Amino acid sequence: MRKCIRCGAEMEEDFKFTGGYGNVIRKKGLTGKAVYPKAAVCPQCGEISIYVDEEQLQKLID
Ligand SMILES: [Zn+2]
């Protein structure tokens, strides 16, 4: 569970980025390891937090 860094409320998680190349970030350019970030939104103040889930984090370690 993620807490909002602004107001401390519990955030809604698991929002996915959609649309073209906007949903992937890569280390070391186009051929580097890709991770797919997700977003969490605070229902109280609207703060958006971008994060990488555990499955994606694991891929970075391998
Ligand atoms: Zn908030």
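The values are calculated or read from the model by the stated rules, or taken from the named source; none is laboratory data. These numbers come from a predicted model, not from an experiment. As a convention, Cβ positions derive from the backbone with ideal geometry for all residues, glycine included, and neighbour counts pool all protein chains shown. Side chains included, ligands, DNA and RNA excluded: accessible areas come from the protein's heavy atoms. Shrake-Rupley method; radii C 1.70, N 1.55, O 1.52, S 1.80 Å.
For the range 25-40, the set of residues classified as open to solvent by 30 Å² or more (accessible area, probe 1.4 Å) and of a type in the set (A, V, I, L, M, F, W, C) consists of Ile25, Leu30, listed by residue number. Remark: pairs (first residue in the range 43-55, within 15 Å of Val24 (Cβ to Cβ); second residue within 15 Å of the ligand (Cβ to nearest atom) and open to solvent by 90 Å² or more (accessible area, probe 1.4 Å); Cβ separation under 9 Å; 6+ apart in sequence or on different chains) are absent.
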